[in-house]
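Structure first, commentary second.
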Amino acid sequence: MKPDHVSTSDIRSAFSAAMSAMYREEVPAYGTLMELVARVNDETLTAQPKLRERLEATDYLDRISEERHGAIRLGTAAELAMMARVFAVMGMYPVGYYDLSTAGVPVHSTAFRPIGDAELKRNPFRVFTSLLRLDLIADEDLRKAAADILAKRQIFTDGAVALTEKAEREGGLNKDDAQRFVGEVLETFRWHDEANVDAGMYHRLHDAHRLIADVVSFKGPHINHLTPRTLDIDRVQALMPEYDIAPKAVVEGPPTRNCPILLRQTSFKALEEPVSFRNADGIWEAGSHTARFGEIEQRGIALTPKGRALYDKLLDQSRKIVRPAADGSNARDYEAALAQSFAEFPDDWAAIRAESLGYFTYSLTAQGKTAATSHEDIDTLIDQGLVQFDPIVYEDFLPVSAAGIFQSNLGDGAQQDFVASPNQQRFEADLGMKVLNEFDHYAGIEQASIDACLGALSKQDAAE
């Protein structure tokens with residue numbers, strides 16, 4: 001990186017702030033949501049001083065207010081590949097592969113995000129990015145028409161493409177170029193109220209699946225939600241009506257726990273927004289479209305493959321007892337089934353660690369910082385009070401939860417069956433690169449923290 005280049009984290013932070021400001025202007029309810037989450041987070045930290053202490057000690061406190069994720073839906077492989085290049089300028093890379101066809105949503109996805117611990121603490125902005133599966137549209141004529149429509153659009157400005165190429169060529173951007181880059185890329189995510197199809201085609205796409213209409217019918221992949229992070233999602237859910245926000249009936253993900261795992265999400269219903277369709281005579285006709293909504297998340301510990309297998313088993317078990325209805329009519333029964341099933345999952349950090357269900361970072365205690373030992377068994381060092389552990393925050397997503405959020409905002413009749421067809425190889429070919437394996441990533445962070453502890457204790461031992 002040249003001396004005058006802006007860091008990728010600074011570009012990401014500027015883009016995240018610009019995106020938040022734009023979305024707050026486009027969707028005023030998002031601003032209300034941010035106010036509610038800030039209130040609940042402040043109340044939670046006041047009521048739980050130990051939580052504040054650990055967040056401060058692990059440098060996670062400041063990022064809570066900055067943390068949010070967005071979501072976009074792309075239509076073509078070319079759009080996905082270019083989006084990957086754009087995100088790389090911001091230090092964001094694809095982590096994980098998600099097949100949502102199994103839950104009735106015709107997309108597969110990845111999450112673009114920073115991957116280093118320091119980068120995440122600087123700004124953890126992430127974008128869940130889905131690619132439409134045209135191959136899952138049963139109507140061959142409609143599939144071809146959708147492909148033709150998508151092939152004609154260009155979702156990136158010439159300036160965004162040129163600045164991305166410049167960053168690739170020169171290894172970064174200077175301050176002026178970085179500022180221009182943020183402005184140009186923001187245009188890709190902006191809402192457009194003029195459809196690029198007529199009303200008849202929109203309704204054909206809509207009847208195939210509402211999400212297909214959302215992807216194909218517009219000039220670009222408008223950001224369909226931004227998500228602040230809360231420390232108590234149940235409290236936010238309970239307070240939303242006081243702020244004139246109607247929450248979805250069920251919080252997606254695991255049940256309420258003392259030791260949060262993975263990811264819990266809720267949202268308010270998607271907005272019905274006015275759009276215009278041009279008819280055969282070139283005259284604009286009024287219509288409406290429903291896609292954009294507000295979402296809130298609470299993040300817990302990242303689980304190991306063993307922990308994730310247990311989570312998936314218990315979630316499946318609970319849904320065999322009660323499958324949540326899109327209209328929320330059986331919400332209480334589902335929550336009860338969820339709590340019953342998840343009683344099997346340990347709910348204290350020591351047990352989760354002892355059973356190798358979650359990932360942790362390790363650090364020296366106050367005693368450990370002055371101790372000297374060459375002992376390399378981490379459990380013994382913990383028992384001796386020399387090393388402590390903290391849960392690693394789960395930075396990624398859950399396919400069933402993502403689909404649940406999509407479905408609740410697409411309407412009760414949006415649930416459809418598609419042939420389950422995960423195709424990570426095809427997705428990566430369209431992306432132009434491999435997606436990172438989330439388990440390997442978390443395991444690497446955990447092992448690096450263990451090595452740092454052992455190295456520090458060994459140095460202290462050698463110095464004596």
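The values are calculated or read from the model by the stated rules, or taken from the named source; none is laboratory data. In this text the structure is predicted, and so the values were computed from the model without any measurement. Positions of Cβ are generated from backbone atoms using ideal geometry, with glycine treated the same way; all protein chains shown enter the neighbour counts. Calculation scope for accessible area: heavy atoms of the full protein, side chains included, ligands and nucleic acids excluded. Shrake-Rupley method; radii C 1.70, N 1.55, O 1.52, S 1.80 Å.
Dipole orientation for region 211-327: of the candidates LEU310, THR266, HIS222, LEU310 has the Cα lying most toward the positive pole (charges on Cβ; Lys, Arg +1; Asp, Glu -1). Along region 113-118 the Karplus relation, 6.51 cos²θ - 1.76 cosθ + 1.60 evaluated at θ = phi - 60°, assigns HN-Hα couplings of 7, x, 10, x, 4, 5 Hz to successive residues, with x for each Gly and Pro. FRET efficiency for the ALA448 to LEU271 pair, using the beta carbon distance and R₀ = 35 Å, is estimated at 0.20.
Using all pairs of distinct alpha-carbon atoms, the Kirkwood hydrodynamic radius of region 165-271 works out to 17.9 angstrom.
Sorted into 20 angstrom bins from 0, the C-alpha pair distances of the chain split as 23, 56, 20, 2, 0 percent. As an equivalent ellipsoid, region 77-154 spans semi-axes of 30, 15, 7 angstrom, where each value is the square root of five times an eigenvalue of the C-alpha gyration tensor, largest first. Measuring nothing but alpha carbons in region 120-222 and taking Rh as the Kirkwood radius, the Rg to Rh ratio lands at 1.07. From the alpha carbon centroid of region 365-397 to that of region 17-51 is 33 Å. Taking amide hydrogens as placed 1.01 Å from N in the peptide plane, the amide H of PHE360 sits under 5 Å from those of ILE392, each at least 5 positions away in sequence or on another chain.
Model label sites at GLU140 and LYS434, defined 7 Å from Cα along the beta-carbon direction, differ in position by 3.8 nm.
Is any residue of region 278-321 close enough, with backbone N under 15 Å, to a label point placed 7 angstrom from the Cα of ALA246 along the Cα-Cβ axis, and if so, which? The answer is 290-294, whose backbone nitrogens lie closer than 15 Å to the label point. The fraction of all Cα pairs in region 314-369 landing in successive 5 Å bins from 0 to the largest distance is 4, 17, 16, 14, 13, 11, 8, 7, 5, 4, 2, given as whole percents. Accessible surface area normalised per residue over the chain is 43 Å², counting heavy atoms of protein chains with a 1.4 Å rolling probe. By the rule of a C-alpha distance below 27 Å, with chain neighbours fewer than 8 residues away ignored, the lysines paired with LYS219 are LYS144, LYS152, LYS166, LYS269. Phi angles of region 252-263 translate, via the Karplus equation with coefficients 6.51, -1.76, 1.60 and θ = phi - 60°, into HN-Hα couplings of 6, x, x, x, 4, 9, 5, 10, x, 10, 6, 8 Hz per residue; Gly and Pro are given as x. For region 252-335, a Kirkwood radius taken over Cα pairs fed into Stokes-Einstein (37 °C, viscosity 0.692 mPa s) yields D = 202 µm²/s.
Given a Förster distance of 41 angstrom, what is the FRET efficiency for ARG54 paired with ALA147, based on the Cβ-Cβ distance and rounded to 0.05? Present the calculation step by step, with values, prior to reporting the outcome.
Details: r = 51 Å, r/R0 = 1.24.
Here the calculated transfer efficiency is 0.20.
How big is the charge dipole of the chain about its Cα centre, in debye rounded to the nearest 20, if each Lys and Arg gets +1 on its Cβ and each Asp and Glu gets -1 on its Cβ?
Details: 49 positive and 72 negative charges, 55 e Å.
Dipole magnitude for the chain comes out near 260 debye.
Our summary of shape: the Cα atoms of region 1-151 have principal axis extents of 60, 42, 30 Å, ordered from largest down, in whole angstrom. When the solvent-accessible area of the chain is split by element, carbon and sulfur atoms take up 50 percent of it, the probe being 1.4 Å.
Work out, in µm²/s and without decimals, the Stokes-Einstein translational diffusion coefficient of region 204-351 at 4 °C, 1.567 mPa s, Rh from Kirkwood over C-alpha pairs. Show your work: numbers first, answer last.
Values: Rh = 17.9 Å.
Estimated via Stokes-Einstein, D reaches 72 µm²/s.
Adding -39500 (n - 2.57) for every DSSP H run of four residues or longer, then dividing by how many residues the chain holds, sets the calculated 222 nm ellipticity at -14500 deg cm²/dmol.
Kirkwood Rh and Cα-based Rg: tell me the resulting Rg over Rh for region 230-299, rounded to two decimals.
1.24
For region 120-222, averaging the sequence separation of C-alpha pairs within contact (under 8 Å, six or more residues apart) and dividing by the residue count gives a relative contact order of 30 percent. Judged by the mean number of other Cβ atoms found within 10 Å, the most tightly packed of the peptides 43-54, 83-94 leads the ranking 83-94, 43-54.
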